[in-house]
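Everything on this sheet refers to the single structure shown next.
The values are calculated or read from the model by the stated rules, or taken from the named source; none is laboratory data. Because the structure is a prediction, the values reported are computed rather than measured. Glycine also receives a Cβ, built like all others from the backbone with ideal geometry; neighbour counts cover every protein chain displayed.
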Amino acid sequence: MAIKNAPRSSGFTLVELVMVIILIGVLSALGVGLFAGRSAFSPMLATQQLASATLLAQQAALAGNVANTLTIEQDGSHFRFTVGAGTSASRTFELPREGTSLSAPGGLPLTITFNSDGTSASGANLGFTFTGDSTFKTCLSSLGAVYRGSCQL
């Protein structure tokens, strides 16, 4: 008579399962800690919003449209970029401030007018600084380009 061995069960042991649960717990605790203190505000997002509003005002100026101005404002909770303020073609873009402030030459609100060739009517570079958890500089050149960093002379 032959003796049969019972087939071995395959699966995870209790020790392996507990180790995986502990590892997932540690990783999730570290992940929450990395993101809990961060704001949803992104200076890069604000710069892109400024660039979009500037481009829209420039396109209006190039087309001979009366909405060739860009007004930049901030209130207690939002940054506001208004293209063609006071016209029927007015467009407003808002972005939550999230504890960040914006400084501009001459202070805010600031209205920039664009010529029919898309350049700034002031003929000067305008430097903007977003200040909050970090500082982020943005430049609107006299030619109408928006880029990250300080304005060049």
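Here ALA57 passes the criteria (1) in a helix (DSSP H, G or I); (2) at pLDDT below 90 except the one numbered (2). Could you tell me whether PHE35 is more than 25 Å from the chain's Cα centre (by Cα), at pLDDT below 90 and not in a strand (DSSP E or B)? In short, no.
One residue stands out in the stretch 70-98 among those that are among the hydroxyl-bearing types (Ser, Thr, Tyr) and under 25 Å from THR131 (Cα atoms): the one that is surrounded by the fewest Cβ atoms within 10 Å (Cβ to Cβ), namely SER77.
For the stretch 51-69, name all the residues that are crowded, with 17+ Cβ neighbours inside 10 Å and over 22 Å from THR100 (Cβ atoms).
If the condition is that a residue be crowded, with 17+ Cβ neighbours inside 10 Å and over 22 Å from THR100 (Cβ atoms), then LEU56, ALA57, GLN58, ALA60, ALA61, ALA67, ASN68, THR69 are the ones that fit.
Taking each residue of the stretch 49-63 that is under 14 Å from CYS139 (Cα atoms) and looking for partners that are surrounded by fewer than 16 Cβ atoms within 10 Å (Cβ to Cβ) and acidic (Asp, Glu) with beta-carbon atoms closer than 9 Å, six or more apart or interchain, yields GLN49/GLU94.
Scanning the stretch 79-103 for residues that are under 13 Å from THR47 (Cα atoms), of a type in the set (Lys, Arg) and part of a strand (DSSP E or B) yields a single hit, ARG80.
Looking only at residues of the stretch 128-148 that are farther than 23 Å from PRO96 by Cβ and out of contact with any Gly (no Cβ under 9 Å at 6 or more places or on another chain), we find that the one that is modelled with the highest pLDDT is SER141.
Annotation: of all residues in the stretch 109-138 being surrounded by 18 or more Cβ atoms within 10 Å (Cβ to Cβ) and without any contact (Cβ under 8 Å) to a residue 40 or more places away in the chain, the one that is farthest from LEU55 (Cα to Cα) is LEU126.
Each residue in the stretch 1-20 was checked for being among the aliphatic types (A, V, I, L, M) and either at pLDDT below 85 or loosely packed, with under 10 Cβ neighbours inside 10 Å (or both), and 6 pass.
Residues that are modelled with pLDDT of 90 or more and under 16 Å from MET44 (Cβ atoms) are absent from the stretch 64-75 altogether.
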